[in-house]
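The values are calculated or read from the model by the stated rules, or taken from the named source; none is laboratory data. Since the structure is predicted, the reported quantities are computational estimates derived from the model, not experimental observations. As a convention, Cβ positions derive from the backbone with ideal geometry for all residues, glycine included, and neighbour counts pool all protein chains shown.
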Amino acid sequence: MGKAQGTKGTPLPSQLIDGRIEELSDWRGQMLSKLRNLIRQADPEVVEEWKWRGTPVWSHDGMICTGETYKNVVKMTFAKGASLEESCFHLSPDNRSTMRFSPTVTSGNTSCCRMTMFLGIKGV
């Protein structure tokens, strides 16, 4: 896996993501960890970044996606993901962008066929 370098005394993005997963001691941390592992599996050269005051970002020749955690959901935003054709996933009103796609995962809801198509893997 590629790694973005931290400056002297600054944690690496991968360490910050580890910390976020640890601080979320419920299903959200488990889901973020699982999604992170799937992204790494799909692209072993992915670069982990930490942007926008605390958002995990995965890139490879440009941004692939973000991993956002909220009180009741884990959300991944895929750059240009909305251009994918997918009939089995309904976009909610806040996800109608033509440039990005943001599937929202809630507790107990771990399948997202559009995300697995984007990553080219199964078993989310």
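Elements of the type strands (runs of 3 or more DSSP E) sitting completely within segment 26-75 and holding at least 1 residues that are modelled with pLDDT of 95 or more: these cover 47-51, 55-59. Residues in segment 5-26 that are surrounded by 15 or more Cβ atoms within 10 Å (Cβ to Cβ) and under 20 Å from V73 (Cβ atoms): 4 in all. The lone criterion from (1) in a loop (DSSP other than H, G, I, E, B); (2) modelled with pLDDT of 95 or more; (3) not β-branched (V, I, T) left unmet by E22 is number (1).
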